[in-house]
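J.: So that we are looking at the same thing, I have put the structure below in structure tokens.
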Amino acid sequence: MSSNPEFLWYIPNVVKSGHRGDATTENHNSLETLTNHAKALEEYGWKGALIGTGWGRPDTFTVATALAARTTTFEPLIAIRPGYWRPANFASAAASLDHLTGGRVRINIVSGQDNLAAYGDSEGDQAHRYARTKEFMRLVRRLWLEENVTYAGEHFGVTESTVVPRLEARGDRLHPKLYFGGASEAAERVSATEADVQLFWGEPLDGVRERIERLKRLSRDLDRDLPPLQFGLRITTLVRDTTEEAWADAEAKVAEMAASSGAGWNDHKRTVAVGQQRLLDLHQRGDVLDDNLYTAPGKFGGGGAGTTWLVGSAEDVARSLHKYQALGITHFVLSDTPYLSEIKRQGTQLLPLLKTA
């Protein structure tokens, strides 16, 4: 397992402007605007960006394809849902984009509930949902690595299926990495056996340490037959020139959230998953945990990576991220708003401190 950390950003992929305090500009999700984000990520040293998914957002794979075509090194981390795609269709689409981009595709598998009926999907309870996800991930990987695949499972099946173009091995990278999240027992069992990278929300260090240890035990207990599971952190990083300025801005943002009841921040309101609930509950332990993990946004919903923030100068935030790295985190997905200006600020101030450690 590579110990070299990788740093990605976040492209919100939403129809309505002002996401989590972003600038409310016209054409905020036009190809030109999103391309400016992707090109800035290349220019300022980021590896790529997570692109969010969900019914009611622009189609994530289409957005990722357009941005990949406009860039040269930008690597989209494309969030997708097993019920939105069938395994062979998805494996083919991802293999095609990976081929056309020279191996720049990454995939984030999302199992959280969505507006399934709107696109003709249905699923049962949590056990059913994660069983389907597990089968999807296992079959997609087989389709990428094997030819003439025949499989008949509980949820999916293919007969004599060969995905083209065939994926090209690039060093030890045999196929696009499969990122996965989820904090429930069912989710962790899937991650321990099928994921390449487990993504955590911005929990305190003790919580992340505990989960890494548990996932490693699960990987052994469930006889994982893949390379060792890697770990990633998806978190908001609010960086300013000084510690004092950062905290003043963070508190001002939370005051705005309070005044608007978190409008524009929480895109997880339909259902609250186990991992999201863990985040929302953190503020009960205090507004600031560890050195500078700000939990107050969770009082107003926050939503996903917007629920907890690492706040401070570049040195403060880098120090905290190094502590997560010491626990075994090697994939970081950071962001703050306004997204474009923060790509540049944090690329200039924060990334050099993270890459030289």
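J.: Just give me the residues in segment 177-211 being part of a helix (DSSP H, G or I) and in contact with a strand residue (DSSP E or B) (Cβ under 6 Å, 6 or more places away or on another chain), in sequence order.
T.: Scanning segment 177-211 gives 191, 208.
J.: Name the pairs whose Cβ atoms lie under 8 Å apart, with the first residue in segment 340-355 and surrounded by fewer than 17 Cβ atoms within 10 Å (Cβ to Cβ) and part of a helix (DSSP H, G or I), the second modelled with pLDDT of 95 or more and among the hydroxyl-bearing types (Ser, Thr, Tyr), and 6 or more positions between them or separate chains?
T.: As it stands, the answer is 344/44; 348/44, since those pairs meet every condition given.
J.: Also, I was wondering about something else. Pick from segment 271-321 the residues that are among the hydroxyl-bearing types (Ser, Thr, Tyr) and not in a helix (DSSP H, G or I): which of them is modelled with the lowest pLDDT?
T.: Ranking the qualifying residues of segment 271-321, first place goes to 271.
J.: Return the residues of segment 1-54 that are in a loop (DSSP other than H, G, I, E, B), of a type in the set (Ser, Thr, Tyr) and closer than 18 Å to residue 346 by Cβ; say none if nothing qualifies.
T.: 44
J.: Under the condition of being modelled with pLDDT of 95 or more and out of contact with any strand residue (DSSP E or B) (no Cβ under 9 Å at 6 or more places or on another chain), which residue from segment 1-32 is farthest from residue 227 (Cα to Cα)?
T.: Across segment 1-32, the extreme among qualifying residues is 32.
J.: Right, something else. Could you tell me whether segment 146-155 includes any residue that is out of contact with any His (no Cβ under 6 Å at 6 or more places or on another chain) and either surrounded by 20 or more Cβ atoms within 10 Å (Cβ to Cβ) or under 25 Å from residue 320 (Cα atoms) (or both)?
T.: No, segment 146-155 contains no residue that is out of contact with any His (no Cβ under 6 Å at 6 or more places or on another chain) and either surrounded by 20 or more Cβ atoms within 10 Å (Cβ to Cβ) or under 25 Å from residue 320 (Cα atoms) (or both).
J.: Now a separate question. Is it true that some residue in segment 49-66 is surrounded by fewer than 19 Cβ atoms within 10 Å (Cβ to Cβ) and acidic (Asp, Glu)?
T.: The answer is yes; a qualifying residue exists.
J.: Has segment 145-154 got any residue that is touching a residue at least 24 places away in the same chain (Cβ under 8 Å) and in a helix (DSSP H, G or I)?
T.: yes
J.: Only one residue in 132, 104, 141 is more than 30 Å from residue 44 (Cβ to Cβ) and touching a strand residue (DSSP E or B) at 6+ places or on another chain (Cβ under 9 Å). Which one?
T.: 141
J.: For segment 84-120, how many residues are assigned to a loop (DSSP other than H, G, I, E, B), in contact (Cβ under 8 Å) with a residue 12 or more places away in the chain and over 15 Å from residue 59 (Cβ atoms)?
T.: 7
J.: Considering each residue of segment 80-134, count those that are over 21 Å from residue 50 (Cβ atoms) and of a type in the set (A, V, I, L, M), and give that number.
T.: So the answer is 6.
The values are calculated or read from the model by the stated rules, or taken from the named source; none is laboratory data. Quick caveat: nothing in here was measured; it's all calculated off a predicted structure. Here the Cβ is made from the backbone with ideal geometry for all residues, glycine too, and neighbour counts use every protein chain on show.
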